[in-house]
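Some notes on the structure that comes next.
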Amino acid sequence: MKMLILLGLQLKVNFGISALRWYLKNDPKRFLGSVGLAVLVIVSLSPILFVYAQMMQSAYVIAAGLGQPGIILASTVVLSSLMVLVFSLTYVMSVFYFSRDLSLLVPLPLLPRDILGAKFFVVLILDILTIAPFYLPSLLVFGVNSGAGLLYWVAGIFIFLLVPVVPLALSSIFMLCLMSLVNLSRKKDTLQLIGLFLFLGALLFLNVYLTSIPAGEETDFLERILADEQGLVRLTARAYPPALFAARALSAGGGESLLNFLYFLGMSAAGLALLLLVGQMIFYRGLVGGSEVQQGRALSREELAGITAGALSPVWAIALREIKYLVRTPIYLFNSLAMVAVIPIVLAIPLFTGGGLAPLLELLHTVPKAIQALGGAAFMGLMALFAPAASSSFSREGRLFWISQVIPVSPEQQIRGKVLYSLIIAFLSVPVVALAAFWLSWSISQFLIAVLGGVILSLPAIISNLLIDLLRPYLTWDNPQKAIKQNINVIFGMVVGGALYYLLYLAGRHAYLATGAALPLYLVVLGGAAVLSALCYGILVKIAPARYREIAI
Amino acid sequence: MIEIANLSKSYLKGAVKAVDNLNLKVKAGEIFGFLGPNGAGKTTTIKMMVGLLKPDSGSITINGFDISEQPLAVKNSISYVPESPEIYEKLTGIEYLNFLGDVYSVPGAARKEKIPALLDLFGLSGVVGDLIQSYSHGMRQKIVLVGALLHEPEVYILDEPMVGLDPRSSNNLKNYLRESCDRGKTVFFSTHILEVAERLCDRIGIIHQGRLIACGTLEELRGLAESKETLEHIFLELTEK
């Protein structure tokens, strides 16, 4: 019962229900602003959704031709579940262990499972919203094409709501175990981060292992798969077995549908029950005292003098502040580094599973070296776009933004510090570029061109994202995850940055096709990036002083 | 009512002792002031009392329940006011109070009677429908206090409860706590405002570098120090040693 009371409160707080109701009554302008923003997000994502739905439609036609249209649903459930499993890790860590309200909730007469259960449902709703753009188009495509009846739609919606339960319960249980172990150690932050990356690595390897086709038996394997009516569905569901129940529940029809639906429901209930059971036992072990910070020994006067002797420029001081915050907040670090870390893991998987990188390298060798180097630069630019370093830069300051408002450092200098910091994050992808340089036998100068080009190509994403975040920073978050994952600016940043890169791609492609030479391509792409960056920077520093004055926390 | 025995909490594998073998008893009906310089171990002790930190050793018994063994029974019989009023900003004041009423199982009728009285006491009636986000620091402290007083627990554990309060609210809170203790409740609070401790507390404990260096009535503390004037003089003298 108390779990439900707490859940009601968590929903009001986390989804701004109370605030919206209050705005509607007392500040209709702000209410419309909040609703309008949500609509804007949906509208800005709609072109991508449309393309995705069209892809699904084509996939359905192919799958139906093979007599296995259920693969559409199975692959969507697998994709959604894997997304939940991976992306929930930091959600769970943040909501379960770093929410500010925990210090208020723990002293209340609530059982650990009450708090855990209520917070689990908050993450569940976030996950449902996250998978909606992937799941609902597939449900729609399959339903419309197969002329499904009412039961299909009802079951489809139920399964939609239940899909994240098992993977979320699994990542929650992992996190409960990790945090209770980590809490025994002094190096909590480091161990949390190592745990997160180990989980991610293990998941990728397990997935590849489960879905790999035995070497040398590819033809037989494919024949078997295509001969079996549910062959493709079964193959896909090997990556995540409950997906088979979900897909069969929606596509088999009759009693088999019902039976599979009940299996799926049963697995979800079992996952939730297991989580609550484990949570009741170990949740507080990781939570109580989890935010304790070890005191260091006192510094001697000499040490103190040494530390305080070197002075930094304000720009470096700002960049360093951001880096320290990043390094000391595992959630920021994981979110900023996950993409850069995942790529070497993905590249390493074929080495371990016997496939090798030869086919990929062979393909890349057919591309001229100059284009390869520009590809390396583009990779750095994309990493800068995907790491939410710039798009959450002001938001991450949260309630402490007042410090930035009162310090005697001009907004422009602070922005330069933030650009510098974001560039340092983009530089973390240099080892991957170096790996590419090694495998593709680039000369030193080609490698340097790639890195320098990467810096230039990172700037449009960084500066446009800083601009977006400064226009409407999200400063009132109550757990650090919200500053990144529940920050609309991060989505807008990716959409706007992606659009800028698309423009550069179109211009570069045009230049290359017209001349067939590398130099015009470089000039257009890198010159275009520099112009776009300068433009965004001009706007940013123009509006910054006023924004710094106006923002009230 | 509160019994702390051999309580210790340390960091750096024991090198830094935040709380060092603390022993303390607070009787029912008593207002106990917990004083100490910054970093002395006051908040650490309080956090261990309410289950926010786990002690390295020792025990804490409140209302006959051990916080390690029966945390829920302890939490049902206490209320806690944290050092800084970090609460749900996206709720209105009344939504926050109703939430606390729900988790402490305060019946509707009792809430109807109690909430308006407490809101009046702290001058919050006019803003209770507003989002907490719009509250000043003092107003947030007041709404936290109203929430803490709502379920009339046996023991109040308050970490710097007067910080941010205006003189009238501060005075009202002191009167309320005095009346509660006269009815048999217990108050354990930390403060830096020595005049408050001097005037309000039945007994005072002074913690310094994790150790309880003095504990007793004001008269008893005067006996421990050469300076017999005010609590401020006694405090300064004892914490200098």
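Every condition in (1) at pLDDT below 90; (2) within 10 Å of chain B (Cβ to nearest Cβ); (3) not in a helix (DSSP H, G or I) is met by A:Leu108 except one, and the failing one is (1).
Residue count for the range B:44-59 under the criterion of being within 15 Å of the chain's Cα centre (by Cα) and within 13 Å of chain A (Cβ to nearest Cβ): the result is 8.
Report yes if some residue within the range A:436-452 is part of a loop (DSSP other than H, G, I, E, B) and touching a Ser or Thr at 6+ places or on another chain (Cβ under 6 Å); otherwise report no.
Kept after step one, since they are part of a loop (DSSP other than H, G, I, E, B), are these residues of the range A:436-452: A:440-443.
Okay, now just the ones that are also touching a Ser or Thr at 6+ places or on another chain (Cβ under 6 Å), so none.
Checking the range A:436-452: not a single residue is part of a loop (DSSP other than H, G, I, E, B) and touching a Ser or Thr at 6+ places or on another chain (Cβ under 6 Å).
Would you mention how many residues in the range B:60-76 are more than 10 Å from chain A (Cβ to nearest Cβ), of a type outside the set (A, V, I, L, M, F, W, C) and over 18 Å from A:Phe283 (Cβ atoms)? So the count comes out to 4.
Selection over the range A:383-406 of residues that are at pLDDT 85 or above, within 15 Å of A:Thr476 (Cα to Cα) and assigned to a helix (DSSP H, G or I) gives a count of 5. For B:Ile115, the stated conditions do not hold, so it cannot be described as within 11 Å of chain A (Cβ to nearest Cβ) and closer than 20 Å to B:Leu173 by Cα.
Could you tell me whether the range B:158-175 includes any residue that is within 12 Å of the chain's Cα centre (by Cα) and within 17 Å of B:Lys75 (Cα to Cα)? Scanning the range B:158-175, I find at least one residue that is within 12 Å of the chain's Cα centre (by Cα) and within 17 Å of B:Lys75 (Cα to Cα), so the answer is yes.
Scanning the range B:77-88 for residues that are crowded, with 19+ Cβ neighbours inside 10 Å and either at the interface with chain A (Cβ under 7 Å from one of its Cβ atoms) or of a type in the set (A, V, I, L, M) (or both), we see that the one that is nearest to B:His151 (Cα to Cα) is B:Ile78. Evaluated against (1) within 14 Å of chain A (Cβ to nearest Cβ); (2) among the hydrophobic types (A, V, I, L, M, F, W, C); (3) not in a strand (DSSP E or B), B:Ala28 falls short on exactly one condition, (1). Annotation: B:Asn6 fulfils all but one of (1) in contact with a Gly (Cβ under 8 Å, 6 or more places away or on another chain); (2) within 13 Å of another protein chain (Cβ to nearest Cβ); the unmet one is (2).
Mind listing just one residue for me: the one in the range B:76-91 that is among the β-branched types (Val, Ile, Thr) and within 14 Å of B:Lys142 (Cβ to Cβ) and, of those, nearest to the chain's Cα centre (by Cα)? Walk me through how you get there before you give the answer.
We begin by selecting, within the range B:76-91, every residue among the β-branched types (Val, Ile, Thr); these are B:78, B:81, B:87.
Going one step further and asking which of them are within 14 Å of B:Lys142 (Cβ to Cβ), we end up with B:81, B:87.
Details: B:Val81: 6, B:Ile87: 17 Å.
Per the stated criteria, the residue is B:Val81.
If you take the residues of the range A:27-60 that are under 21 Å from A:Leu139 (Cβ atoms) and polar (S, T, N, Q), which of them is surrounded by the most Cβ atoms within 10 Å (Cβ to Cβ)? Filtering the range A:27-60 for residues that are under 21 Å from A:Leu139 (Cβ atoms) and polar (S, T, N, Q), the one surrounded by the most Cβ atoms within 10 Å (Cβ to Cβ) comes out as A:Gln57. Residues that are part of a helix (DSSP H, G or I) and within 14 Å of another protein chain (Cβ to nearest Cβ) were ranked within the range B:118-132; the one that is farthest from A:Met3 (Cα to Cα) is B:Gly126.
Does B:Gly41 meet the test of being more than 10 Å from every other protein chain (Cβ to nearest Cβ), crowded, with 23+ Cβ neighbours inside 10 Å, under 15 Å from B:Ile207 (Cβ atoms) and out of contact with any helix residue (DSSP H, G or I) (no Cβ under 8 Å at 6 or more places or on another chain)? Reasoning before the result, please.
Values: more than 10 Å from every other protein chain (Cβ to nearest Cβ): yes; crowded, with 23+ Cβ neighbours inside 10 Å: yes; under 15 Å from B:Ile207 (Cβ atoms): yes; out of contact with any helix residue (DSSP H, G or I) (no Cβ under 8 Å at 6 or more places or on another chain): yes.
In short, yes.
Of the helices (runs of 4 or more DSSP H) lying entirely inside the range A:477-553, those containing at least 2 residues that are aromatic (Phe, Trp, Tyr) span A:488-515, A:518-550.
The values are calculated or read from the model by the stated rules, or taken from the named source; none is laboratory data. It should be emphasised that the depicted structure is a prediction, and the values quoted were computed from it without experimental measurement. We place every Cβ from the backbone using ideal geometry, glycine too, and count neighbours over all the protein chains shown.
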